[in-house]
Amino acid sequence: MKKRFFSVLTVICMLFSVSANAAVYFTDVNASSWYYECVKYVSDGGAMIGVENGVFNPDGHLTRAMAVTVLSRICGEDLSSYAASPFTDVDMNRYYGAHIAWAKDNGIIRGMTEKTFEPNDYMTREQVCVMLSNFFESRGFYLPNVAVGQFSDYDEISGWARDSVDRMHRGGVVDGKGNDLFDPKGNITRAEYAQIILNTNLINLLAK
């Protein structure tokens with residue numbers, strides 16, 4: 001598989017291509033919101049859509065099903081071959097069924113148990129880092145390895161997630177929430193996830 005390197009300069013250049021004047025058609029997202037540009041990016045790219053007509057729900061928590069579905073949409077994979085559910089609690093007739101099967105098949109996600117995925121559970125910040133680390137590896141992507149300071153709550157990060165959090169932090173994908181805190185067990189919001197997708201510039205990079 002061809003390796004790709006996420007250049008910080010490339011990402012910055014692509015970010016400036018996002019028009020600040022274009023409208024985001026969600027009643028709960030306005031131009032003064034900190035998440036305006038990232039919501040526009042994922043919305044224009046078809047990666048994230050509203051939870052209902054005209055509503056994005058930026059402060060709503062991101063579910064495990066939503067997180068996986070966004071990555072699958074960005075990749076634009078043909079999911080027609082995914083007919084059987086890899087988990088007992090994943091209904092293939094739901095919007096997320098084939099997306100979860102694709103992610104499981106590609107080693108991007110694992111279940112909460114051997115048989116269950118718990119699609120409606122909320123994603124924590126450390127869980128998102130693990131999922132993204134698996135995703136980048138599955139696609140053969142490299143991230144920058146920039147020297148960064150250690151989060152003040154680093155000891156609260158689960159042992160199984162530390163390497164992934166470090167990788168995402170050094171790669172400029174995630175950052176702290178203030179006071180050098182990462183808040184690893186905190187639930188990530190839809191707006192925060194949209195910001196992460198913008199930070200990686202995945203939609204534009206995979207479109208090439």
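For this structure, a couple of remarks:
- Ordering PHE141, ILE188, ASN204 by the projection of their Cα atoms onto the charge dipole of the stretch 138-208, which places +1 on the Cβ of Lys and Arg and -1 on the Cβ of Asp and Glu, puts ASN204 at the extreme positive end.
- Placing a pseudo-label 7 Å from each Cα along the Cα-to-Cβ vector at ASP105 and GLU77 gives an inter-label distance of 0.7 nm.
- Computed per residue of the chain from DSSP H runs no shorter than four, each worth -39500 (n - 2.57), the mean residue ellipticity at 222 nm is -11000 deg cm²/dmol.
- Extension gain, TYR95 back to VAL51 (0.36 nm per residue minus Cα-Cα distance, nm): 14.6 nm
- A simple charge model with +1 on the Cβ of Lys and Arg, -1 on the Cβ of Asp and Glu and nothing else charged puts the dipole of the stretch 102-208 at about 440 debye relative to its Cα centre.
- Lysine pair count for the chain with Cα-Cα distance under 21 Å and sequence separation of 8 or more or different chains is 5.
- Pairwise label distance in nanometres, ARG170 with SER32, each label 7 Å out on the Cα-Cβ vector: 4.1
- The chain - charge dipole about Cα centre, Lys and Arg +1 at Cβ, Asp and Glu -1, debye rounded to 20: 700
- Computed E for TYR142/ASP121 - FRET, C-beta separation, R0 30 angstrom, nearest 0.05: 0.50
- Three-way shape label, the stretch 28-171, alpha-carbon gyration tensor, a/c 1.5: oblate
- Restricting the stretch 93-126 to chymotrypsin sites (Phe, Trp or Tyr not before Pro) in coil, as DSSP defines it, with at most 16 other Cβ within 10 Å: TYR95
Here, each number is a calculation from the coordinates, and none is a lab measurement. Remember, it's a predicted structure, so these values are computed and weren't measured experimentally. Quick reminder, even Gly has a Cβ in these numbers, built from the backbone with ideal geometry, and neighbours come from all protein chains shown.
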